[in-house]
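The next block holds one structure in the form of structure tokens; read it before the comments.
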């Protein structure tokens, strides 16, 4: 494997010489985020815990890592996630400040975030693996799309399926980088 991650990349939390594969690095980011999410949920009271059914920190960190390795500039990496700035929860905060969010708004933010990440993953796949990888990733993601509604009893399981597919997609892109 290649020891070459630029110093200072990803805000400094991966500032070490890499001796493992990109896939290993992505899987480690995903596992770390899962553990952080589990600790957070365990510390919350039940009603609040249920409002955080999924967490995209690992996928978002992995997207940034893969984009960095692929040579995306900081501004290009920011552009991948810029649409997060207009998700329902952010817009609610801009309009209503710290007022409590309705469960539908929270779920809507998770759904919108999943859509943003799907676009980012497709762009990364195209940039790192061309049309073949791009089509493979799009097929995986369209097989597990974000839920359409926010009040359906199956929205949480749908979100979990979507997030799991996105994790598989970013692992596949990292695996492709290892093969280049």
Checklist entry - Taking the Cβ-Cβ separation of residue 138 and residue 99 as r and a Förster radius of 41 Å, what is the calculated FRET efficiency to the nearest 0.05? => result 0.65
Next on the checklist: Quick check on the exposure proxy: order 44, 177, 91 from fewest to most C-beta atoms within 10 angstrom.
Outcome noted: 44, 91, 177
Item to check | Spin-label pair residue 74/residue 57, simplified geometry with 7 Å Cα→Cβ offset, distance in nm | outcome: 2.3 nm
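Which of the three applies to segment 125-180, rounded, prolate or oblate, going by the alpha-carbon gyration tensor with a ≥ b ≥ c and a/c under 1.5 meaning rounded? Walk me through the numbers on the way to the answer.
Numbers: a/c = 4.49, a/b = 2.52, b/c = 1.78.
Note, shape of segment 125-180 comes out prolate.
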Next on the checklist: Starting from the 7 Å offset along Cα-to-Cβ, what nm value, one decimal, do you get for the label separation of residue 28 and residue 131?
Outcome noted: 3.7 nm
Next on the checklist: Percent of Cα-Cα pairs more than 30 Å apart in segment 9-179, please.
Outcome noted: 18 percent
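Computed from the coordinates by the stated procedures, all read-outs in this text should not be read as laboratory data. In this text, all values refer to a predicted model and were calculated from it rather than measured experimentally. Here Cβ is always computed from backbone atoms with ideal geometry, including for glycine, and neighbour counts include all displayed protein chains.
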